[in-house]
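Let me begin by presenting the structure, written as C-alpha cells, before commenting on it.
We did not get these values from a lab; they are worked out from the coordinates using the rules stated. If you're wondering where the values come from, they're calculated on a predicted model, not measured in any experiment. Because the Cβ atoms are built from the backbone with ideal geometry, glycine has one as well, and the counts that use them run over all protein chains shown.
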Amino acid sequence: MPIKSGVHEKGALSLQDIIDAMKKKTGFRKAGAIATFVGVVRGNSEKGEKVQRLMLEAYEDKTNEVLANICSDLWKRPGIVDVQIHHLLGEFDVGEDLVYVLVAGSHRRDVFPVLEEAVERYKKEALIFKKEQIVTEKGEQKAHWISEKEDE
C-alpha cells in the first residue's frame, strides 16, 4: 500500500517503511539513487537555550495539500522518479526524527538539487507549528511557539 506524503502522528511510520513503499512503486525501476533528508530535534535553541522537548502541530488538511503539491511539482523535473515529504506530529525529545524527505531519481546528480529544494520549500510553505520547551541560562523552564523562519 503506498504511503502518501503529508503529516503523520509520531510512530505511525519509519524511514524504512517509506523507502520500502517507494521501492514497490511501478516506476521505481527507473531509479538509480534515493537521497534522503532526516530532520531531528536539535538540543539547543537559536538563542542558545537548552531544548528539552519539541511539540509539533499542523493545519493537517492544508499541510497535506501543500506537501503533495511540492512533491508533484518536483517530480516533474528531469530524471526524477519520486519525491516524498513526511512530517511527523506530536511530542519529541532531542535527537528524535521530525521529518523525512526522499527523492528517487535516475542518477545521483538528479536527486541532490531536488532534495535541497524540497526541504527549503516545505520549511517555507507548510503550515507546521513548533512549540519549544526550553531551559534558560538562568535555569528557568519555559515554552514558546517558534516559526520555521526563526528555526533555520
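Of everything listed in (1) in contact (Cβ under 8 Å) with a residue 60 or more places away in the chain; (2) over 20 Å from Lys4 (Cβ atoms); (3) out of contact with any His (no Cβ under 7 Å at 6 or more places or on another chain); (4) not in a loop (DSSP other than H, G, I, E, B), the single unmet condition for Glu137 is (4). Taking the criterion of being among the charged types (D, E, K, R), buried (at least 16 other Cβ atoms within 10 Å of the Cβ) and out of contact with any Gly (no Cβ under 7 Å at 6 or more places or on another chain), the residues of segment 101-132 that qualify are Glu117, Arg121, Lys123, Lys130, Glu132. Restricting attention to segment 1-20 and to residues that are of a type in the set (A, V, I, L, M) and in contact (Cβ under 8 Å) with a residue 24 or more places away in the chain, the residue that is farthest from Ala104 (Cα to Cα) turns out to be Ala12.
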